[in-house]
Amino acid sequence: IEKGQNFLNWEKNDEAIYCFKNALMFERKQDNTFDKKSHQILIRLSKIYFQRKDYTEAIKFCDESLKIEPNYIQAFKQLGKIYRDMPNYELSKQYLHKVLEQESEEASVLNDLGFIHQVNNEFDTAIEFFGKSREINDRENVENNIYAEICEAHCYLEKNDPEHAELLINKK
């Protein structure tokens, strides 16, 4: 597992896949039950396939992970991203809301939900999500995180409210 993670860090995804799949085979042969690490390995594999835009494989590994750990928040986040990029916004929203049920203050998930509502021209809802994300980032002193501000300003412009947009832009 560590070797696979090292390959990931070095951006050698084929070697990482090989290591992670071998680790899964080893886990399965041990006692026919999955170890606590297996669902994490499956998510790592899902992330690699997601980067390759092989969404079918990425979803498969997430689903396997959820069979082991039904409320695994990383699988919900990953599925939310996959379906966002496919795009299947309804499924994406379902999984992202499952994350918020467990972790209500997850800025990246709020940004993803804001994005989905923004592309669907649901600007008021998008502004709510981006605003919550900004509050979290401000509270946690996250530097250089201007994604939510820019997107929120864009939503205000789309709503023909340049004053709010200008306030956000001038803030940065």
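Just so you know, all these numbers are worked out from the coordinates, no wet-lab data involved. Being a predicted model, the structure only gives us computed values, none of them experimental. As a convention, Cβ positions derive from the backbone with ideal geometry for all residues, glycine included, and neighbour counts pool all protein chains shown.
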What spacing in nm lies between the two simple spin-label points modelled at ILE150 and LYS37, each 7 Å away from Cα in the Cβ direction?
-> 3.9
Spin-label point model (7 Å from Cα, Cβ direction): what's the TRP10 to GLU101 distance in nm?
-> 4.1
Rg ratio (alpha-carbon, reference 2.2 N^0.38 Å) - the range 109-170 | 1.02
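Please work out how much length the chain gains when fully extended from MET25 to GLU2, using 0.36 nm per residue of separation minus the C-alpha to C-alpha distance, in nm with one decimal.
Residue separation times 0.36 nm, minus the Cα-Cα distance, leaves 6.7 nm.
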If you stretched the chain out fully between TYR18 and LEU91, how much longer would it get, using 0.36 nm times the residue separation minus the C-alpha to C-alpha distance?
-> 23.3 nm
In degrees rounded to 10, the 0-90 angle between helix 147-158 Cα long axis and the longest Cα principal axis of the chain is 50
Gaussian network model of the chain, springs between alpha carbon atoms under 10 Å - residue of TYR147, TYR89, TYR55 with greatest fluctuation = TYR147
Please report the Cα spread of the range 7-108 along all three principal axes, rounded to whole Å, starting with the longest.
-> 37, 28, 22
Once LEU167 and ASN121 are pulled to full extension, the length gained, defined as 0.36 nm per residue separation minus their Cα-Cα distance, is 14.4 nm
Anything over 20 Å Cα to Cα? Flag those among LYS12/LYS93; LYS21/LYS60; LYS93/LYS159; LYS3/LYS60, in the order listed.
-> LYS12/LYS93; LYS93/LYS159; LYS3/LYS60
Taking only DSSP H segments of four or more residues, each worth -39500 (n - 2.57), what value at 222 nm results for the chain once the sum is divided by all its residues, to the nearest 500 deg cm²/dmol?
-> -25000 deg cm²/dmol
Debye-sum result for the range 43-152 in log10 I(q)/I(0), which assumes one identical scatterer on each alpha carbon, at q = 0.18, 0.19, 0.20, 0.22 Å⁻¹ | -0.88, -0.96, -1.03, -1.15
Among ASN9, SER108, HIS154, which residue has its Cα positioned farthest towards the positive end of the charge dipole of the chain, with +1 placed on the Cβ of Lys and Arg, -1 on the Cβ of Asp and Glu, and the dipole taken about the Cα centre?
-> ASN9
Ordered by residue, what ³J(HN,Hα) values in Hz, to whole numbers, does the range 77-93 give under the Karplus form 6.51 cos²θ - 1.76 cosθ + 1.60, where θ = phi - 60° and Gly and Pro are x?
-> 4, 4, 5, x, 5, 4, 5, 4, 7, 5, x, 10, 5, 5, 5, 4, 4
